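Take a look at the structure set out below.
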């Protein structure tokens, strides 16, 4: 009986944005399947909206009516599934003991620390990948320019790098005195110096 009093009846909206249309609809349905696998959450009803186009992407959402075991489960649901809104329908009033609030706050803190660690790890991996990608792109440019001196458009064609992005890398290589531009043609500085 006590356990039943702790249960919360809620409505939650989960939104997704992506493309193509069919993929985003299927992804949202699979996302809801994942929620249903949690034994502490019972989905009573799921109401899917028709996807709407927003520029080049599609927006879709589902409204879930559900029963969750307790407030901790609801907070975990919010952190894990990132609903855009949650409404507690029943009970109208929730009473906590101070130990329950302490446990709730500690659980919330543990989840937030875990998210922070994941975010920091991903940021570190992203920085590592960007640095290595930048090095690879510079090496590719150097190899192509070693074979022949080229204007921007041809260098873009040979390397497969968009001209605007290529300019950023070439500016960096110019500042590092690796590349020189003369009369619209790029060359390695060492090749230019050998010719002089």
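Pick from 40, 50, 92: which residue has the top mean-square fluctuation in a GNM of the chain where Cα pairs under 10 Å get a spring?
So, out of 40, 50, 92, the one fluctuating most is 92.
To the nearest 500 deg cm²/dmol, what mean residue ellipticity at 222 nm is calculated for the chain from DSSP H runs of n ≥ 4 alone, each contributing -39,500 (n - 2.57), summed and divided by the residues? Provide the component values of the computation, followed by the final result.
Values: 7 runs with 110 residues, N = 196.
Using -39500 (n - 2.57) per qualifying helix, the result is -18500 deg cm²/dmol.
Evaluated at 10 °C with a viscosity of 1.306 mPa s, what Stokes-Einstein diffusion coefficient in µm²/s does segment 70-132 have when Rh comes from the Kirkwood expression over alpha-carbon pairs? Write down the numbers at each step before the final one.
Values: Rh = 14.2 Å.
Estimated diffusion coefficient is 112 µm²/s.
So how do 56-63, 42-49, 113-120 stack up, highest first, on mean other-Cβ count within 10 Å? Spell out each step's value before the answer.
Values: 56-63: 16.5, 42-49: 12.9, 113-120: 10.4.
By packing density, highest mean first, the sequence is 56-63, 42-49, 113-120.
Where does helix 163-175 land angle-wise versus the long Cα axis of the chain, in degrees 0 to 90, nearest 10?
60 degrees
Please determine, in degrees from 0 to 90 and to the nearest 10, the orientation of helix 21-36 with respect to the longest principal axis defined by the Cα atoms of the chain, where the helix direction is its Cα long axis.
Its long axis makes an angle of about 40 degrees.
Does anyone have the angle between helix 98-147 and the longest principal axis of the chain? Alpha-carbon axes, 0 to 90°, nearest 10?
That works out to roughly 20 degrees.
Taking N as the number of residues in segment 2-94, what value does Rg over Cα atoms divided by 2.2 N^0.38 Å take? All intermediate terms of the calculation are to be shown ahead of the outcome.
Values: Rg = 14.2 Å, N = 93, 2.2 N^0.38 = 12.3 Å.
Cα Rg divided by the expected 2.2 N^0.38 Å: 1.16.
Fewest to most neighbouring Cβ within 10 Å: what's the order for 8, 170, 112?
On the way: 8 18, 170 21, 112 11.
With the fewest neighbours first, 8, 170, 112 line up as 112, 8, 170.
Among 71, 179, which comes first, then next, by fewest other beta-carbon atoms within 10 Å? Before the final figure, lay out the partial values.
Details: 71 19, 179 24.
The order, fewest Cβ neighbours first, is 71, 179.
If one computes the Cα centroid of segment 36-97 and of segment 151-166, what distance in Å separates the two points?
Segment 36-97 and segment 151-166 have Cα centres spaced 47 Å from each other.
Only Cα pairs within less than 10 Å get springs; with that Gaussian network setup on the chain, which residue of 164, 106, 38 has the largest fluctuation?
Of the options given, 164 has the highest mean-square fluctuation.
Which residue fluctuates the most in the chain, going by a Gaussian network model with Cα springs under 10 Å, if the choices are 147, 133, 82?
147
According to a simple spin-label model (label point 7 Å from Cα along Cα-to-Cβ), what is the distance in nm between residue 82 and residue 55?
Taking the two extended label points, one gets 1.7 nm.
For an R0 of 22 angstrom, estimate the FRET efficiency from the Cβ-Cβ distance between residue 182 and residue 129 and round to the nearest 0.05.
Computed FRET efficiency for residue 182 and residue 129: 0.05.
Explain nothing, just the number: relative contact order of the chain, from Cα pairs under 8 Å at least 6 residues apart, as a whole percent.
Details: 216 pairs, mean separation 37.5, N = 196.
19 percent.
Each value in this text was obtained by applying a stated rule to the coordinates, not by laboratory testing. This one's a predicted model, so the numbers in the text were calculated from it and none came from an experiment. Every residue, glycine among them, receives a Cβ derived from its backbone with ideal geometry; neighbour counts consider all protein chains shown.
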